[in-house]
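Trainee: Got a structure here, written out as structure tokens. Questions coming.
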Amino acid sequence: MLSFTLRNLLARKVRLLLSAFAIVLGVGFVAGSFVFTDTMASSFDKIAYGTVASVNVRPVQESSDAMTSSMTMDARRIDASVVDDVRQVDGVRKAAGGVQGLGLFVITKENRLLSTTGAPTLAFNVDDTRNAADEEIIRWVSGRAPEREGEVAIDARAAKGAGYRVGDTIKLATLGDPPIVETKLTGIVEFSSGSLAGATLVLFDTKTAQAMFMDGADEFNTISIERDPSVSEEVLTKRVQEVLPEGLEAVSGTDLGNETKSVFDEVLGFLNTFLLVFAGISLVVGSFLIVNTFSMLVAQRSSELALLRAMGASRRQVQAAVLIEAAVVGFVGSILGLGFGFGLAALLKSALGYLGIDLSGTALVFLPRTVIVAVVVGVVVTLLAAYIPARRASKVPPVAAMRDDQALSEGTVHWRVISGVVFALLGFGLFGLALWTDLPKPGWMVGAGIISLLLAVIATSVVTAIPVLAGLGRGFRGIFGFVGLLAEQNSLRNPRRTAATASALTIGLALVTTMSIMGASLNASIDEGVDKQFTTDFIVTNPTRMPISSKLTDQIVELPSVAKAVPNQSIGFTIGDEPIYGSVTDPQAWSEIFKVNYVKGEAPVRAGTIAFNETKAKALSVSVGDTVELAFLTGTVPVQVAGIFEDSEALGQSLAPYSLLEDAGIKRADTVIAVNKKPNAGFKTTRAALERITKDNPTVVVQDKESFAEAQRAQVNTMLYLIYALLGLAIVIAILGIVNTLALSVIERTRELGLLRAVGLERGQLRRMVRLESVALAVLGAILGIATGTVSGVVLQRTFVDDGITALSIPVTQLVIFLAISALVGVMAAVLPAHRAAKLNILDAISVE
Amino acid sequence: MTSEIAASATDLYKTYGSNEAMVKALDGVSVDIRAGEFTAIMGTSGSGKSTLMHCMAGLDSSDSGSVKIGDVELSTLSDKKLTQLRRDRVGFVFQAFNLVPTLNAEENILLPLSIAGRKPDKDWYRKVIDAVDLSTRLKHRPSELSGGQQQRVACARALVSRPDIVFADEPTGNLDSASGAEVLSFLRRSVDDFGQTIVMVTHDPVAASYTDRVIFLADGKIIDELLEPTAEKVLEKMARRNRRVKNPV
């Protein structure tokens, strides 16, 4: 039986290859996601563990929430005397104070910012402390370390990207005054542990670094300690801790590495899940292709299977034969998919390289887990998909071997309709719960509802396909006459197969449509929000989300056309487990520029007060007069709630006075300046004046209402295009499904096609017939998908009204374009099958044997 | 009976395979098909009778020689022109799988006209339908028709476009004798009543007896011809031929 199965596989390799291809793509996506995130993790691990000393001293960190902590620039410092104390500890081979600075940018020879996307620019003082593994942390590629003011070293990738060589005078944008510093490049470095994952490294001598980032005081942010090999990391950490003054902590290299790694892991975990969701979608779509292929193979072979049954094979054996075939296809597809995934990850890695996130120092990581998951997923999905056809195959009665007709028993559609109705009810029930109740996690409920709705549409598509196809057929007949009629009849011939083929496209387009409605609604909400909330004339901001110089505000206020300029700094903290992203500013002045609508209480003008937006106030269940503990990286600060304001995109989740920074020990680093012109000043002249001030500082941009909305929309659109691209794979698989179905139906109908050719159907007409059938399949899938997606998108938008997606926008033009593209996809999918049908030899086709 | 020629073949040669395995399917065949006549081509399997029909009907091409339908030389036609010629001037009845399963009887009958985008001649259509006695079965799909009814639908289709010539390839090969007789009578009547030209390939002497003229083929050559055949005469010819083979002189 096994050898019989294997011989069957070889005999039908082309058809199986097509369904295996669906597995290759789906599994490739899964494997690619793992390989890519493992590679990123490995690269980040090298950074996390390879760049820390044996023992590190830093101000005590209070908050462990990585996301809000990352927004905090620690203002607390370590006096140089502490470094001397630490040096005296037994077992310390070497101790060096470290200075870190942010908000610095390398300006290229072409006077542009280097790397405004992705990774940060990190400024340090030169420090030759070795890492915990007793290796050099940085290596000099050329030149020497900067020794005095006016000298600098940068990393090799930055030097190459900016077009600088040792000895050149290079420009840096800083937060200080003047904003642009010219300095001599004395050396080029690289991390010994490999890549910097795209980060830019700028090194100064200690004095210069202190002048730039410590206001010239002999103070440090950290101390890095080299360990004498006779003492363990743990013991030395304890010893160092003993000599430290209060407020400072000693952290072993391992712990610090773990801390950094956990931040990376959180981000990578999210990225991996995100990619795997799309891989899952591709696999689900692919399984439709497999169900179809195996159904058709079983149908074609029914008399052969009946012969096996007649000769004494049991039902189980026939079923097993089909399932073994599926397992082999799944296995081969998975192995090929692994290779494809590896290639995909390599492609992604080099694509990131172009975007400035250089992972070239790390080889692709291929863990055994990736192989196991990929093969298991591939084989299991194939087996599940082949189960229904296998069961049907086992039901072929032995007597069918004696009959000419190959009719396989097809189950009734009743159970499909019933399960479809059940799924639909479930889906709409979930939608209702999400929309009209206060149950938690409405997003998940809508997600489950969308899946239910899709299952309902797919289950009932055998029935719903008929009116849609009949409608399309009427159009075809009107335009293409008799050939249109033939195409219509062909598409209606096997509604089950047509529906299954179209379903793959339905899933893809339903998701694309949902996303496009969400995207359009988000953009409309941004426009609406900007209209309502952007009550300032201009904002001055740093597009890289890095801080801008606080001196800029003073310069702007002095402009004759400016009435008011109010700076604002984004901050992040937690209360309990609740992360909050808010800002500090001059709340009184801020309220004069923005319409802050306090529903309760008043603006938090006094020190030690704060205001929350309604959503956060509700989540925290706080009211005016309550005292809350804000946990920052740098420490915990108790504040009193002064007011609660209406939610607004422009305002963030909380507002507090600048005094909060000092209370929490956070560095002042403005992120936005809101500017109002004088009533009599011209809009254009004011803008020009602002641009003159910021001209020399490429990190700063001036935005008005239009350009602000535009920038916000651009972010939404970038995300949307990324999702479209990822869903594209599912659509490619759906197209393969159409190709497969058409190719098989052309083979099945060889004699019929030969007859049509004999009685006078031209080759061109035959091709058109196959093409129209393909278009009917694609458009059916698209119509069902777009309809489902529209319902899903509307429900999703309604669910997230409270989260800022206030406006509903259905991008009708875009949906029509999706439909048109689907029809085009149909035309393209038909190219090969139509060609094959047209070159059919009439005599071979109609000859009896 | 006029001596007008509906179709002709001149010096047709066709071989399949090469070297040792070479088969001469047509070995210099020349034949004229007279208009308004019912002609049978007979021969054992492998005699070349089907190949001859396929070449004359424009479904296959010969290695050399000429085929004409009316005064159109087929070998010079492009695939497209040849297809249109089959559609407009030739009718076909095959042994099996004559009908498109998704179309009903009426749509199948009108198939060549529909492909050409032409409307049927109402009176002529009525006449044909009545002649094949199918007026009550027109809306049925092929799967709902008996084998004999299916072949009658095929005959109606072959006639409805008023072709110059109808080629029938073993049209009764899959039918029981009663259904076969119906189909053959219909073909006979269409020659007598409508003046239709028909060429039928068969190996059945009874079927051949319905025709006006029988051409015998063996090893790719025309070896004999019989006018106004009866089943007995055909059998006798065949028997004589077999005897010759068995007892060579």
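Trainee: Can you name every residue in the range A:54-89 that is of a type in the set (D, E) and modelled with pLDDT under 90? Reasoning before the result, please.
Mentor: Initially, the range A:54-89 is screened for residues of a type in the set (D, E), giving A:62, A:65, A:74, A:79, A:84-85.
Within the range A:54-89, A:E62, A:D65, A:D74 qualify.
Trainee: Would you point out the residue of the range A:443-455, among those that are crowded, with 23+ Cβ neighbours inside 10 Å and of a type outside the set (V, I, T), that is nearest to A:K618 (Cα to Cα)?
Mentor: Step one: of the range A:443-455, the residues crowded, with 23+ Cβ neighbours inside 10 Å are A:446, A:449-450, A:453-454.
Adding the requirement that they be of a type outside the set (V, I, T) leaves A:449, A:453-454.
On the way: A:G449: 27, A:L453: 32, A:L454: 34 Å.
Taking the candidates together, the pick is A:G449.
Trainee: Determine if the range A:188-207 includes at least one residue that is in a strand (DSSP E or B), modelled with pLDDT under 90, in contact with a helix residue (DSSP H, G or I) (Cβ under 8 Å, 6 or more places away or on another chain) and closer than 23 Å to A:M73 by Cα.
Mentor: Within the range A:188-207, the subset in a strand (DSSP E or B) is A:188-191, A:200-204.
Within this subset, residues satisfying the condition of being modelled with pLDDT under 90 are A:190-191, A:200-201.
This time we only want the ones that are in contact with a helix residue (DSSP H, G or I) (Cβ under 8 Å, 6 or more places away or on another chain), so: A:190-191, A:200-201.
Add one more test, that the residue is closer than 23 Å to A:M73 by Cα, and what stays is A:200-201.
Looking for residues that are in a strand (DSSP E or B), modelled with pLDDT under 90, in contact with a helix residue (DSSP H, G or I) (Cβ under 8 Å, 6 or more places away or on another chain) and closer than 23 Å to A:M73 by Cα, one finds at least one in the range A:188-207, hence yes.
Trainee: While we're on this one: Among the numbered criteria (1) within 14 Å of chain A (Cβ to nearest Cβ); (2) farther than 22 Å from A:E752 by Cα; (3) of a type in the set (K, R), which one does B:R188 miss?
Mentor: Exception for B:R188: condition (1).
Trainee: Continuing with the same structure: Restricting to the range B:81-96, name every residue that is among the hydrophobic types (A, V, I, L, M, F, W, C), within 9 Å of another protein chain (Cβ to nearest Cβ) and more than 15 Å from the chain's Cα centre (by Cα). Talk me through it step by step, then tell me what you get.
Mentor: Applying the first criterion (among the hydrophobic types (A, V, I, L, M, F, W, C)) to the range B:81-96 yields B:82, B:85, B:90, B:92-94, B:96.
Restricting the remaining residues to those that are within 9 Å of another protein chain (Cβ to nearest Cβ) gives B:85, B:90, B:92, B:94, B:96.
Residue satisfying the conditions is B:L85 alone.
Trainee: Go through (1) under 30 Å from A:N490 (Cα atoms); (2) modelled with pLDDT under 90 for A:A830 and report which single condition fails.
Mentor: Going through the list (1) under 30 Å from A:N490 (Cα atoms); (2) modelled with pLDDT under 90, A:A830 breaks only (2).
Trainee: How many residues does the range B:67-118 hold that are part of a loop (DSSP other than H, G, I, E, B) and over 22 Å from B:S146 (Cα atoms)? Before you say what the answer is, go through the steps one by one.
Mentor: Taking the range B:67-118 first, the residues part of a loop (DSSP other than H, G, I, E, B) are B:70-71, B:77-78, B:94-104, B:110, B:117-118.
Add one more test, that the residue is over 22 Å from B:S146 (Cα atoms), and what stays is B:70-71, B:77-78, B:117-118.
Qualifying residue count for the region: 6.
Trainee: While we're on this one: Please pick out the residue among A:S491, A:S516 that is touching a residue at least 60 places away in the same chain (Cβ under 8 Å), under 27 Å from the mean Cα position of the chain (by Cα) and over 18 Å from A:V291 (Cβ atoms).
Mentor: A:S516
Trainee: Now for a different question. Taking the options A:G625, A:G652, name whichever one is out of contact with any Pro (no Cβ under 9 Å at 6 or more places or on another chain), at pLDDT 90 or above, of a type outside the set (S, T, N, Q) and in the same structural domain as A:T574 (by TED's automatic domain parsing).
Mentor: Numbers: A:G652 fails: at pLDDT 90 or above.
Going through A:G625, A:G652 in turn, the sole match is A:G625.
Trainee: So is B:L111 under 25 Å from B:V183 (Cα atoms) and within 9 Å of chain A (Cβ to nearest Cβ) or not?
Mentor: On the way: under 25 Å from B:V183 (Cα atoms): yes; within 9 Å of chain A (Cβ to nearest Cβ): yes.
Against the criterion (under 25 Å from B:V183 (Cα atoms) and within 9 Å of chain A (Cβ to nearest Cβ)), B:L111 qualifies.
Trainee: Identify the single condition in (1) more than 23 Å from the chain's Cα centre (by Cα); (2) more than 14 Å from chain B (Cβ to nearest Cβ); (3) free of Cβ contacts under 8 Å to residues at least 24 places away in the same chain that A:L455 does not satisfy, given that it satisfies every other one.
Mentor: (3) is the only condition that A:L455 fails.
Trainee: Select from the range B:146-165 the residues that are surrounded by fewer than 24 Cβ atoms within 10 Å (Cβ to Cβ), small (G, A, S) and either within 14 Å of chain A (Cβ to nearest Cβ) or touching a residue at least 40 places away in the same chain (Cβ under 8 Å) (or both) and list them in ascending order.
Mentor: B:G147
Trainee: For residues in the range B:11-43 being surrounded by 14 or more Cβ atoms within 10 Å (Cβ to Cβ) and polar (S, T, N, Q), which is nearest to B:G91 (Cα to Cα)?
Mentor: Ranking the qualifying residues of the range B:11-43, first place goes to B:T39.
Trainee: Let me ask you something else. Of all residues in the range B:1-41, which are free of Cβ contacts under 8 Å to residues at least 24 places away in the same chain and of a type in the set (F, W, Y)? Full working, then the answer.
Mentor: Start the filter on the range B:1-41 by keeping residues that are free of Cβ contacts under 8 Å to residues at least 24 places away in the same chain, which leaves B:16-23.
Answer for the range B:1-41, where residues must be free of Cβ contacts under 8 Å to residues at least 24 places away in the same chain and of a type in the set (F, W, Y): just B:Y16.
Trainee: Another question, if that's okay. Is the range B:32-46 home to any residue that is more than 14 Å from chain A (Cβ to nearest Cβ) and farther than 30 Å from B:L235 by Cα?
Mentor: Restricting attention to the range B:32-46, the residues satisfying the condition of being more than 14 Å from chain A (Cβ to nearest Cβ) are B:32-44.
Okay, now just the ones that are also farther than 30 Å from B:L235 by Cα, so none.
There is no residue in the range B:32-46 that is more than 14 Å from chain A (Cβ to nearest Cβ) and farther than 30 Å from B:L235 by Cα.
Trainee: A further question on this structure: Would a scan of the range A:729-736 turn up a residue that is of a type in the set (G, A, S) and away from chain B (no Cβ under 14 Å)? Please lay out each step first, then the result.
Mentor: Restricting attention to the range A:729-736, the residues satisfying the condition of being of a type in the set (G, A, S) are A:730, A:734.
Keeping just the survivors that are away from chain B (no Cβ under 14 Å) gives A:730, A:734.
Scanning the range A:729-736, I find at least one residue that is of a type in the set (G, A, S) and away from chain B (no Cβ under 14 Å), so the answer is yes.
Here's the yes/no breakdown for (1) part of a loop (DSSP other than H, G, I, E, B); (2) buried (at least 22 other Cβ atoms within 10 Å of the Cβ); (3) of a type in the set (A, V, I, L, M):
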position: A:A499; (1), (2), (3): no, yes, yes
position: A:T506; (1), (2), (3): no, yes, no
position: A:G519; (1), (2), (3): no, yes, no
position: A:S525; (1), (2), (3): no, yes, no
position: A:E528; (1), (2), (3): no, no, no
position: A:I548; (1), (2), (3): yes, yes, yes
position: A:Y581; (1), (2), (3): no, no, no
position: A:K600; (1), (2), (3): no, no, no
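Trainee: Of everything in the range A:342-355, what is surrounded by 20 or more Cβ atoms within 10 Å (Cβ to Cβ) and in contact with a Ser or Thr (Cβ under 8 Å, 6 or more places away or on another chain)? Give them in sequence order.
Mentor: A:A345, A:K349
Trainee: Taking A:L439 as the residue in question, decide whether it is of a type in the set (A, V, I, L, M) and part of a helix (DSSP H, G or I). Talk me through it step by step, then tell me what you get.
Mentor: Values: of a type in the set (A, V, I, L, M): yes; part of a helix (DSSP H, G or I): no.
In short, no.
Trainee: How about the range A:801-831: which of its residues are within 27 Å of A:K532 (Cα to Cα) and of a type in the set (S, T, Y)?
Mentor: A:T806, A:S809, A:T813
Trainee: Can we say B:S143 is on the phi < 0 side of the Ramachandran plot and within 14 Å of chain A (Cβ to nearest Cβ)?
Mentor: Working: on the phi < 0 side of the Ramachandran plot: yes; within 14 Å of chain A (Cβ to nearest Cβ): yes.
Judged against the criteria, B:S143 is a match.
Trainee: Condition first: surrounded by fewer than 20 Cβ atoms within 10 Å (Cβ to Cβ) and farther than 30 Å from A:R767 by Cβ. Can you find one or more residues in the range B:67-84 that meet it?
Mentor: Yes: the range B:67-84 contains one or more residues that are surrounded by fewer than 20 Cβ atoms within 10 Å (Cβ to Cβ) and farther than 30 Å from A:R767 by Cβ.
So that you can scan it fast, the table gives a plain yes or no per residue for (1) surrounded by 14 or more Cβ atoms within 10 Å (Cβ to Cβ); (2) touching a strand residue (DSSP E or B) at 6+ places or on another chain (Cβ under 9 Å); (3) assigned to a loop (DSSP other than H, G, I, E, B); (4) not assigned by TED's automatic domain parsing to the domain that holds A:V202:
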{"site": "A:A132", "(1), (2), (3), (4)": "yes, yes, yes, no"}
{"site": "A:R139", "(1), (2), (3), (4)": "no, yes, no, no"}
{"site": "A:R148", "(1), (2), (3), (4)": "no, no, yes, no"}
{"site": "A:V152", "(1), (2), (3), (4)": "yes, yes, no, no"}
{"site": "A:A159", "(1), (2), (3), (4)": "yes, yes, no, no"}
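Trainee: Determine whether the range B:192-204 contains at least one residue that is small (G, A, S), more than 29 Å from B:R240 (Cβ to Cβ) and surrounded by fewer than 23 Cβ atoms within 10 Å (Cβ to Cβ).
Mentor: Yes, that holds for at least one residue.
Trainee: List the number of the failed condition for A:T699; all other conditions in (1) among the hydroxyl-bearing types (S, T, Y); (2) more than 14 Å from chain B (Cβ to nearest Cβ); (3) in a helix (DSSP H, G or I); (4) in contact (Cβ under 8 Å) with a residue 40 or more places away in the chain hold.
Mentor: Every listed condition holds for A:T699 apart from (3).
Trainee: While we're looking at this one, here's another question. Considering only the range A:750-768, I want to know if a residue exists there that is closer than 22 Å to A:L297 by Cα, in the same structural domain as A:L505 (by TED's automatic domain parsing) and without any contact (Cβ under 8 Å) to a residue 24 or more places away in the chain.
Mentor: We begin by selecting, within the range A:750-768, every residue closer than 22 Å to A:L297 by Cα; these are A:750-754.
Now drop any that are not in the same structural domain as A:L505 (by TED's automatic domain parsing), which leaves A:750-754.
So of that shortlist, the ones also without any contact (Cβ under 8 Å) to a residue 24 or more places away in the chain come out as A:752.
Within the range A:750-768, one or more residues are closer than 22 Å to A:L297 by Cα, in the same structural domain as A:L505 (by TED's automatic domain parsing) and without any contact (Cβ under 8 Å) to a residue 24 or more places away in the chain.
Trainee: While we're looking at this one, here's another question. Step by step: first the residues of the range A:467-486, then only those that are of a type outside the set (A, V, I, L, M, F, W, C) and more than 15 Å from A:L777 (Cβ to Cβ), then the one that is farthest from the other protein chains (Cβ to nearest Cβ). Which residue is that? Show your work before the answer.
Mentor: From the range A:467-486, those of a type outside the set (A, V, I, L, M, F, W, C) are A:467, A:471, A:473-475, A:477-478, A:481, A:484; that's our starting set.
Next cut, more than 15 Å from A:L777 (Cβ to Cβ) only: A:467, A:474, A:477-478, A:481.
Details: A:P467: 18, A:R474: 16, A:R477: 11, A:G478: 13, A:G481: 6 Å.
This residue is A:P467.
Trainee: Being buried (at least 24 other Cβ atoms within 10 Å of the Cβ) and within 12 Å of another protein chain (Cβ to nearest Cβ) is the filter here, so list the residues in the range A:760-802 that pass it.
Mentor: Result: A:G760, A:L761, A:M769, A:E773.
The values are calculated or read from the model by the stated rules, or taken from the named source; none is laboratory data. On a predicted model such as this, the values are computed, not experimentally measured, just so you know. Every residue, glycine as well, gets a Cβ built from its backbone with ideal geometry; the counts of neighbours run over all protein chains shown.
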